[in-house]
Each structure stands twice: as structure tokens, then as C-alpha cells.
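Have a look at the structure below, then the notes.
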Amino acid sequence: MIEGLDRYYREYNANVFRGVYQISEEATAAYETARKRIAELINAKDPSEIIFVRGTTEAINLVAHSWGRSNIGLGDSVMLTEMEHHSNIVPWQLLARDKGAQLKYVGISDEGRLLTEEFHGYLENGGVKLFAVTQVSNVLGTVNPVREMVREAHRYNCRVLVDAAQSVPHIAVDVQDLDCDFLAFSGHKMCGPTGIGVLYAKRDLLEKMEPYQGGGEMIREVHLYEASFKDPPFKFEAGTTDISGAIGLGVAVDYLSKVGLRNIRNHERDLTAYALDKLGKLKQMRIYGPADPDTRGGVISFNLADIHAHDMASLLDEDGIAVRSGHHCAQPLMERLGVAATTRASFYLYNTEGEIDRLVESLERAGRVFKI
Amino acid sequence: MSSVYSEIILDYYRHPRNKGTLDHPHIKAKDSNPLCGDIIEMQLELDGNDSVKDVRFNGQGCAISQASASMLTELVKGKKLDDVRSISKEEILSLIGGQLSAVRLKCALLSLKVLKTGVYTYLGSMSNSKEELSGL
């Protein structure tokens, strides 16, 4: 991935689409190849359904702005869940405030699974225009039954946006099989660069959607008082995009595809099962989220006795172990769990059982420091 | 390794001094650290000479933030408000001891920030306080 970025900047550093010179054509070809690779990764029907954005956050904001402002009005509802990341809450709060729409939250069980009866109840009550849901919780690891929920939502003419920031890097995602309307993910969580991400949307929706930002390269013609726009995906990629980021993400996708998403998932499931077992044996350990490694991703949130997550993260850091601590950009979920913060260990294809053993040793040391 | 998690810090975390609220505080201030979710409230009761007669802190968060808040209450008790104003962050850090990363400094200094905000508000001198607060 780093070599891909390096090659772009050293050998064909040029803008895409604009130039008629050789290296601009090379840049355009590399940029569009990346788009094609990403389309293949998630099995989109066509590369034009892949829009390059800054990350999951921008992808969701794009949908809230371009689709939401035209399709959600006074009295309509957007349905979310209690386990959403702030990036899949705040854009909808802003939209709801502007449009006089309502937000409805599907609650979770104590084990961290969505309450499907609430989901059905909101749909039956009517007026739900969009269901925005994470495929894998960034705190609990819960893998949500998105495929089934999409089918159910569509029966009520409710569109579905999937926050796939935690799923596309870790499990095989097929947008045609899910049949979701929108899907968003970030490059930096899948061995790619920071500042690049993807919005997938069905072609027929993209064609009807208003532009997100106005500017260069998203237009067909511009006159003093009006402009016409290009077809998707270019209509949604105003200005000079993150060309190197997109190329880098394409290289990362090639790498992940070569390893195989199913292999990555199997490896993470084994690590998660191992870690759940080892961590679960520690005294005064509380682990959040589903206990079954087959239906959860490779993130484990926990609290050990009365050691605050930030103290825990500092202690683990002393042993060279990097974990996230705090509210994980999911304050409503923290409130639901009744905790101020958790510590989260997360695994990927490069982690090993030996590293989990080191984590356990470090947790035991933290316990000794805090005399629990 | 000079871990910041000394016996003293743990003792203040588990057995905080001056934790709670006052019935009739003259000064009250509260703030949080959005990154960590640490919350600290400080309450001060003054005597006729603008000295701190009694003090309490309340809040939740990591050991560093809670222990340093408790230590700070002991430091200010009996002090004149002018002396409270001049408490430096170095004083707090020497009470805590050990090495703190830039992120954890915010935890350690939250209570001092809250205390000074309360004192400045009370003294009605918010305009020239911003500069001193910005270093915390």
C-alpha cells in the first residue's frame, strides 16, 4: 500500500480526468482501477456505484445531505439503533432538526443484540423512511442480521444504510446479497490510508440524488446562473479528490482479497474465541457484547474491577499494548450499558494468540498494581 | 519504571478525601474532559477573609483525575483565594509524581482547571483569566 502511494507521487503525480498528458491518463487509470477493485470486493453491480469520500463519516453525511434532504420530511422518521457510532447518529440529528423529522432507536438486549420486536414495531407504525444500522458494533462486536433486516425494511418502503466500517475489513460483504441501499466504510480500518473511504449506493438512487458538494469535475456545463452535473459517481466527487488515497486503498483491497476475507474472518473468530476464554477467566473481569464468537467480530470491550479504562490503557501501554479506551464514539451505548467507559482490544489478520497471552499477562499486572 | 500508579494515587482513588458536596458553597464549578469522560465538580465555602473554609469535590473518572482532585482539595483548604489563584500545574504534578503522557496530563489538571474557573468567576475577572486557563 505504501509502495502504491509512493509510486503515484514519484512516477505519475497528476490530477485525474483533467489532463490530456500521459501521466494524467496513468493517474486516471489507476484511480478507476481502484474503484473497480473496490466494487469487486463488495460485489457492487457496477463501479459507478462506488464513490470516493473521506471516510465512513463523510459517506453518511453525503447520504443525509443528498438523499435525506429530498426524501425525509416533516413527521417522517429515521430509525437507528442504540449501538451506533456517533457518525451514524449526529448527521441524522442534524437532518431531523432541519426537517422536523423524528429519530427512533432500536434498543439492545443485555447481551448486546438488537431487539427485533422494536425494529418490527417501528416499521409497522409507519413513516420510517430510512434505517441506518451498523453491520458490526465497534464496541460490542455484535454482528447484526443486516440481510434479514433489509428485506423486512424494504417491505415497508424503508431504505437501509449500512455502516460497514467494522465489517468490510473483516468479513466478506456482498452488497447485492444484502440488498442494502447505501453502505459506507473507511480505508484506515482495512490496511489503507487515512482520509479515504467509500460510499456504495444503488445506481438508481445515485441518479436521483442531488450533489453533495459543488465544484470542479462534478459538472457537465457551468453558466453564470446554472450548471448541469455529470453522471454518478463523478457528480459526488467535486474538486481534486484524494487520488493517492484511492490508489492506496485499491492496493489494500488487492492485498485483503489475496489473503481472502473468509480466511481473515476465520482467523479473527479463532482469536476472539481464544481471547474471550482467556479474559473471561480473570477475576472481576466484565466483558460486554455477545459471548458467542461465531456471531461477533474481533473487538472485545471490557472493564476489570474498578480500574478506569484510561488507567487500564495507560498500564497496558507501559507493556507496549495499544488498546482503545473511553466511550468509543458511542456515548448513547455507554449510557445503555451503564458505564462511563470501556477498554477495547481489537484484532486483525496480523494478531496472534501469543499477543493475547501478553495482553492477559499485562491485565494481571494491572490487577496487581491496582491491588484488586 | 516510574509508573504513575503509586500507592498514594491508589489510596486517594479508593479513599478520596473531601469528596461530596457542601450545603452552602460560595463557589461552584464543573467541567468534563470530553476525550475521557472524566467529570469534576469543585465547591468552596469561604470565610469572611476570602479564605477557603471548606471544600469538596465530586465526580467520576480515572484514578489520575479523581486522586488529583482529592489532593487539590487538601491543598486549598485554609488558603486565601489569591493564593488558590496562583497554584501552578507543576504543584499538582509534583503531588501526583510519576510520568504522565500529554493525554493523561488533561486528566491530572482537570480539577485545577475547574477550581480556577470557579474562583475566577467568583472574583468576576473572567476576562483576564482565559490566558491562564489556556495552559491547562
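The values are calculated or read from the model by the stated rules, or taken from the named source; none is laboratory data. Quantities reported herein were computed from a predicted structural model and do not represent experimental measurements. Counting neighbours? That spans all protein chains shown, and the Cβs are built from the backbone with ideal geometry, glycine included. Side chains included, ligands, DNA and RNA excluded: accessible areas come from the protein's heavy atoms. Shrake-Rupley method; radii C 1.70, N 1.55, O 1.52, S 1.80 Å.
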Please find, within the stretch A:129-152, the residue that is nearest to A:Glu268 (Cα to Cα) out of those that are aliphatic (A, V, I, L, M) and free of Cβ contacts under 8 Å to residues at least 60 places away in the same chain.
A:Val146
Filter result (open to solvent by less than 40 Å² (accessible area, probe 1.4 Å) and more than 12 Å from chain A (Cβ to nearest Cβ)) within the stretch B:95-109
B:Ile96, B:Gly97, B:Leu109
Condition test on A:Arg286, is it open to solvent by 60 Å² or more (accessible area, probe 1.4 Å) and within 12 Å of chain B (Cβ to nearest Cβ)?
no
Scanning for something charged (D, E, K, R) and part of a strand (DSSP E or B), does the stretch A:202-215 turn up at least one residue?
no
Across the stretch A:229-247, which residue is nearest to A:Met1 (Cα to Cα) among those that are assigned to a helix (DSSP H, G or I) and more than 18 Å from the chain's Cα centre (by Cα)?
A:Ile247
For the stretch A:292-372, give me every one of the strands (runs of 3 or more DSSP E) that falls completely inside it and has 1 or more residues that are among the charged types (D, E, K, R) and either surrounded by fewer than 21 Cβ atoms within 10 Å (Cβ to Cβ) or away from chain B (no Cβ under 11 Å) (or both).
A:324-326, A:342-346
Being polar (S, T, N, Q), loosely packed, with under 15 Cβ neighbours inside 10 Å and closer than 16 Å to A:Val133 by Cβ: is that true of A:Ser77 here?
no
In the stretch A:111-128, which residues are without any contact (Cβ under 8 Å) to a residue 60 or more places away in the chain and surrounded by 13 or more Cβ atoms within 10 Å (Cβ to Cβ)?
A:Leu114, A:Leu115, A:Thr116, A:Glu118, A:Phe119, A:His120, A:Tyr122, A:Leu123, A:Gly127, A:Val128
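Just checking, does the stretch B:101-116 include any residue being among the hydroxyl-bearing types (Ser, Thr, Tyr), within 13 Å of the chain's Cα centre (by Cα) and within 16 Å of B:Ile40 (Cα to Cα)?
The answer is yes, given that some residue of the stretch B:101-116 is among the hydroxyl-bearing types (Ser, Thr, Tyr), within 13 Å of the chain's Cα centre (by Cα) and within 16 Å of B:Ile40 (Cα to Cα).
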Within the stretch A:100-110, can you find the residues that are open to solvent by 60 Å² or more (accessible area, probe 1.4 Å) and either under 22 Å from the mean Cα position of the chain (by Cα) or within 22 Å of A:Thr57 (Cβ to Cβ) (or both)?
A:Tyr105
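When you check A:Leu161 against the structure, is it touching a helix residue (DSSP H, G or I) at 6+ places or on another chain (Cβ under 8 Å) and closer than 22 Å to A:Leu41 by Cα, yes or no?
yes
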Residue ID - surrounded by the fewest Cβ atoms within 10 Å (Cβ to Cβ), chosen from residues in the stretch A:225-280 that are assigned by TED's automatic domain parsing to the domain that holds A:His170 and of a type in the set (Asp, Glu)
A:Glu226
Among the numbered criteria (1) more than 19 Å from the chain's Cα centre (by Cα); (2) more than 14 Å from chain B (Cβ to nearest Cβ); (3) not aliphatic (A, V, I, L, M), which one does A:Arg265 miss?
(1)
Filter result for A:Gln176 (open to solvent by 40 Å² or more (accessible area, probe 1.4 Å), of a type outside the set (A, V, I, L, M, F, W, C) and not in a loop (DSSP other than H, G, I, E, B))
yes
